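First comes the structure, then the notes that go with it.
The values are calculated or read from the model by the stated rules, or taken from the named source; none is laboratory data. On a predicted model such as this, the values are computed, not experimentally measured, just so you know. For accessibility, only protein heavy atoms count, side chains too; no ligands or nucleic acids. Shrake-Rupley method; radii C 1.70, N 1.55, O 1.52, S 1.80 Å.
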Amino acid sequence: MVEWSAVLTAEENSSENSGCFFLLLPPKPPKSNHPPMERVQHMTKSAIRRASQIEVNPQAKRNLQELFVNFTLILICLLLIYIIVLLSS
C-alpha cells in the first residue's frame, strides 16, 4: 500500500479567496545504502530471477519457437534478395 502525505497550505496573498487547500505529495522513495548503479543491477537481477521462474505452457513455447524460426527465415530471404539485387545492378 502506498502512503501519500498531505500538506495543508494557506493562501495568504489572495484578497477574495482566503482559504486553505490540501496538497497531496507522492511518497518519498526508500533510502538505500547502494549507489544507483548497484541498485539498478540488483533490480535487474531480481527481475530476471522472477522471470525465469515463470512456467510457460509447452504449446505456447513451441509456437513461439516456430514464430522465431519463421521470422529468422524471412530475414535471411530478404537479405538474399537484397544481395541478388545489388549484384545484378
Residue hits (region 55-86; among the polar types (S, T, N, Q) and part of a helix (DSSP H, G or I)) are GLN59, ASN63, GLN65, ASN70, THR72
Out of all the residues in region 34-89, which are open to solvent by less than 100 Å² (accessible area, probe 1.4 Å) and hydroxyl-bearing (Ser, Thr, Tyr)? THR44, SER46, SER52, THR72, SER88
